[in-house]
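No value in this document is a laboratory result; all are computed from the given coordinates. This is a predicted model, so every value here is computed, not measured. When we count neighbours, we look across all protein chains shown, and the Cβ atoms used for this are built from the backbone with ideal geometry, even at glycine.
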Amino acid sequence: MRSQDARNGSIRVLTWNLYLRPRIISALLDLPKFPERRRRIRGILRVIDRGKYDILCLQEAFLRATKRALLRRYPYFYRKLTHRFSLRLHSGLMILTRFPILKRSGVIFRGRLAGGRLADGWVDKGVMHAELEMPDGPLHVFTTHLQAEDYPEVRRAQIHQAAAFIKEYRGRALFAGDFNLEKSEMELMKPILDLGFVDTWGGANPGEVGNTWPETGQRYDLVLSRDLPVSAVDLLPTRWSDHYGVVATL
């Protein structure tokens, strides 16, 4: 069922890093927070239900129980990006939508740099793509989760591979996700911006910072658009993840 906003002509898009990491990584790195996870999952699902979003771009959505619960809520989805013969974990990316999906595709980052570092090197990071059948024509939706921490050279290599993949798709598009870019690194996005994408936050909220990582005051989570008007972009502050979500209204 489409949301009331979609029936009225506006469409709500949420990108959100859920901070639901794989069990093996959580056991090693998040052990003090491990007992809270079930409560966080319930909170995340309540936030998504209340928001009545039409398109979800999710990162760090690794846990099977959460994925199953989300799949019951959305009729169309792309639930896993991974290499068929990979020994690494899947990407943790998901696209869920109330609109039919015409095509699914993706790319996994490869190479000495783009393949990732530390815990991120255990994961098939890449770009997930779904072409949606919207009421007014097709829309390409891309999502990603780039390398974390102090590895700008890895993010640079990943962005170049992402741009090479996205370049193959023409027309209206959204590119949303956790880019993990420090404020001083935004110039790394040039290969994506050269494809016609714009950062929607600045246009909708001139002069506002829009931090999505409250711990250090960074804006890691972005919604980029191409040939697609965006009427509003808002933060989704919540205690259920270490990231705030970003909501764009089309």
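Details
- Positive contributions from Lys and Arg (+1) and negative ones from Asp and Glu (-1), summed over other residues with Cβ under 14 Å from the Cβ of GLU182, come out at -4.
- Matching label, Rg/Rh (Cα atoms, Kirkwood Rh) computed from the structure shown, candidates (i) 0.95; (ii) 1.08; (iii) 0.93: (iii)
- Sites listed here are GluC sites (Glu not before Pro) in region 175-244 whose DSSP assignment is loop and whose Cβ has at most 13 other Cβ atoms within 10 Å: GLU208, GLU215.
- Cβ-Cβ FRET estimate between SER10 and LYS183, R0 fixed at 35 Å, reported to 0.05: 0.70
- A simple packing score, the average count of other Cβ atoms within 10 Å per residue, orders the peptides 217-223, 61-67 as 217-223, 61-67, with the highest score first.
- The dipole here belongs to the chain: it is taken about the Cα centre, uses +1 on the Cβ of Lys and Arg and -1 on the Cβ of Asp and Glu, and is about 1380 debye.
- Length added when fully stretched, GLU168-LYS103, from 0.36 nm per residue minus Cα-Cα: 22.1 nm
- Formal net charge of residues neighbouring TYR78 (Cβ-Cβ distance under 12 Å; K, R +1; D, E -1): +4
- Hits among lysines - C-alpha to C-alpha of LYS52 under 19 Å, sequence gap 8 or more where chains match: LYS67
- Relative exposure of TRP240, TRP213, TRP16, TRP201, judged by other C-beta atoms within 10 Å (fewest first): TRP213, TRP240, TRP201, TRP16
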